[in-house]
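Below is one structure, written out as structure tokens; comments come after it.
The values are calculated or read from the model by the stated rules, or taken from the named source; none is laboratory data. None of the values given here were measured: they were computed from a predicted structure. Positions of Cβ are generated from backbone atoms using ideal geometry, with glycine treated the same way; all protein chains shown enter the neighbour counts.
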Amino acid sequence: MSYVPDNLSYTASHEWLEEIENGLYRVGITEFAQEQLGDIVFVELPENDEAYAQEDECGVVESVKTASDLFAPLSGTIVEVNLALEDSPELINESPYDDGWIFVIEIADDSELDSLLSAEDYRNSIEDEE
Amino acid sequence: MNKTILYQMHLDAGAKMVDFGGWQMPINYGSQIEEHHAVRNDCGMFDVSHMTIIDVQGDDATAFLYRLLAGDITKININQALYSTMLNPDGGVIDDLIVYKQADHQYRIISNAATRDKDMAWLNQQAQNFKVRIQEQTDLAILALQGPRAEQRLQSLLSTDLASLKKFYALQDNALFIGRTGYTGEDGFEVVLPAKDAPALWQQLIKADVTPCGLGARDTLRLEAGLHLYGQDMDENISPINCGLAWSVRKKDHDFIGGPVIAEQRQNGAEQKLVGLVLEGRGVLRHGQIVCDDNGEIGIITSGGYSPTTEKAIAFARIPKDNMNQSLFVQIRNKQLPCGVVKPPFVRNGQSLLEE
């Protein structure tokens, strides 16, 4: 069973979110997602200051096996991206919840938070796939 | 779904299994990139028991294979191997294969897994006017040991001298049939043995510090080495002349199946060629991406991926023979990204051939 930290929120498309201050969320992909992808060799990061609607494609994570779209988990504006991933995309494999974070988004609509999954919900959603 | 005799060994080694041509095969055992490096720098092993083994025997075996194959079966010695394509009457590639000459009238073909049914049907159909027996061997397993230390590791388990076994030759050691061949661009061996003996050999090799490697690493290794993959780099609609395999087709006596079409293509000049591409910036080249020059679309990537040895994205692309551009563009999502054009292979003997 992949590690799913209790203190984070999740999407069905395998992103995690951590609220770092009011309205600012750090986003990455889950341990389960990186395990499924295999060795990650390239990340196309979203642009800083770019605005996205919830579920918009905002980047791509490419592994040796396949390319996987990255989705904006909530509507909002990108305020920071993890530039370390440009030279070291493997950080997502090594540390998906920490050094492998991908971007920070300032959310536009609090009501969308209800659509996120809890750790327990996400665990249940990947159970069948594991 | 078919399983090889080593299925449980794969699970025990932590493999992630995938469906490959109707077979449950390991894609990796954790890190495909580490497996790739193990083969380039040390020794890795692959279960390739899903591949098809066909023995061809009889008075007409040589004549039959001279007709069936685009390569020249008459130029190999006993115990020597030949890489060849097998063509349809239109010159398209039915399959690519390695054939070993085991005795004067006895050959062993090793061909792809996904093409098994059509290969057997084609061989049986073409054999009707020849005195040959065609027998698929289903109780055998194949282990490929690849890497600069492959000889050392395998030798530690055998008394037969491997050092004197030349590249593209084979020997028989009791129940083991050992060919000095492979699909990685490194030195190595393909060991054909009774399926029941394969798990024990696998375990001995694990104990000898050989790294189990999955189909993922096998793909990046062969791509770096400039080796074609059937179904991607060629298929029934492409002649070997148009996909970079002209070297494997015999120059005289175009009296093999598909030969008249090949002779005509040779006379008129090939229309297409397979070139190597190296992505200049960041990203990954993949099968199916469109290749352009300044005037628009010219071709397609047939195989592509991340190359762990060169740390770049590399690919084979099929483009017009007369396109001499040193730089092309590949369409990735909504961008056109520049690529350098090179002649494969990208890697030889563990070393990148790309200029910095």
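For the reader, a short list of remarks on this structure follows.
- Residue count for region B:276-306 satisfying the condition of being within 14 Å of chain A (Cβ to nearest Cβ) and hydrophobic (A, V, I, L, M, F, W, C): 4.
- Counting only strands (runs of 3 or more DSSP E) that sit completely within region A:1-50, those holding 2 or more residues that are under 16 Å from A:PRO89 (Cα atoms) and hydrophobic (A, V, I, L, M, F, W, C) correspond to A:24-29, A:40-44.
Yes/no per residue for (1) under 29 Å from B:GLY216 (Cα atoms); (2) charged (D, E, K, R):
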{"residue": "A:TYR3", "(1), (2)": "yes, no"}
{"residue": "A:ASN7", "(1), (2)": "no, no"}
{"residue": "A:GLU19", "(1), (2)": "no, yes"}
{"residue": "A:TYR25", "(1), (2)": "no, no"}
{"residue": "A:TYR52", "(1), (2)": "no, no"}
{"residue": "A:ASP56", "(1), (2)": "no, yes"}
{"residue": "A:ASP69", "(1), (2)": "yes, yes"}
{"residue": "A:VAL81", "(1), (2)": "no, no"}
{"residue": "A:ILE92", "(1), (2)": "yes, no"}
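- Residue within region B:108-122 that is more than 29 Å from B:ALA200 (Cα to Cα), charged (D, E, K, R) and touching a Ser or Thr at 6+ places or on another chain (Cβ under 8 Å) present: yes
- Scope region B:291-309; condition surrounded by fewer than 17 Cβ atoms within 10 Å (Cβ to Cβ) and not in a strand (DSSP E or B); matching residues: B:ASP294, B:ASN295
- Looking only at region B:319-335, and only at residues there that are more than 23 Å from B:PRO308 (Cα to Cα) and modelled with pLDDT of 95 or more, the one that is surrounded by the most Cβ atoms within 10 Å (Cβ to Cβ): B:ILE319
- Checking each residue of region B:14-34 against the condition of being closer than 25 Å to B:ALA170 by Cβ, more than 14 Å from every other protein chain (Cβ to nearest Cβ), touching a Lys or Arg at 6+ places or on another chain (Cβ under 6 Å) and not β-branched (Val, Ile, Thr) gives no match.
- Unmet requirement for B:MET9, which otherwise passes all of (1) within 14 Å of chain A (Cβ to nearest Cβ); (2) of a type in the set (A, V, I, L, M, F, W, C); (3) not in a strand (DSSP E or B): (1)
- Residue check for B:GLN24: out of contact with any Leu (no Cβ under 9 Å at 6 or more places or on another chain) and in contact (Cβ under 8 Å) with a residue 40 or more places away in the chain: no
- Within region A:19-42, the set of residues being within 14 Å of chain B (Cβ to nearest Cβ) and more than 12 Å from the chain's Cα centre (by Cα) comprises A:GLU35, A:GLN36, A:LEU37, A:GLY38, A:ASP39, A:ILE40, A:VAL41, A:PHE42.
- Options A:PRO96, A:PRO89: the member that is assigned to a loop (DSSP other than H, G, I, E, B), within 15 Å of the chain's Cα centre (by Cα) and within 14 Å of chain B (Cβ to nearest Cβ): A:PRO89
- Scanning region B:300-325 for residues that are farther than 14 Å from B:LEU274 by Cα and of a type outside the set (Ser, Thr, Tyr) returns B:GLY305, B:PRO308, B:GLU311, B:LYS312, B:ALA313.
- Where B:ALA38 falls short, out of the listed (1) under 20 Å from B:GLU151 (Cα atoms); (2) touching a helix residue (DSSP H, G or I) at 6+ places or on another chain (Cβ under 7 Å); (3) within 14 Å of chain A (Cβ to nearest Cβ): (2)
- Only a single criterion out of (1) in a loop (DSSP other than H, G, I, E, B); (2) among the aliphatic types (A, V, I, L, M); (3) under 23 Å from B:GLU35 (Cα atoms) is not satisfied by B:ALA315, namely (1).
- Residue match in region B:82-90 (condition: more than 22 Å from the chain's Cα centre (by Cα) and either buried (at least 17 other Cβ atoms within 10 Å of the Cβ) or touching a residue at least 24 places away in the same chain (Cβ under 8 Å) (or both)): yes
- Selection count, region B:19-50, where residues are among the hydrophobic types (A, V, I, L, M, F, W, C) and either modelled with pLDDT under 95 or assigned to a helix (DSSP H, G or I) (or both): 4
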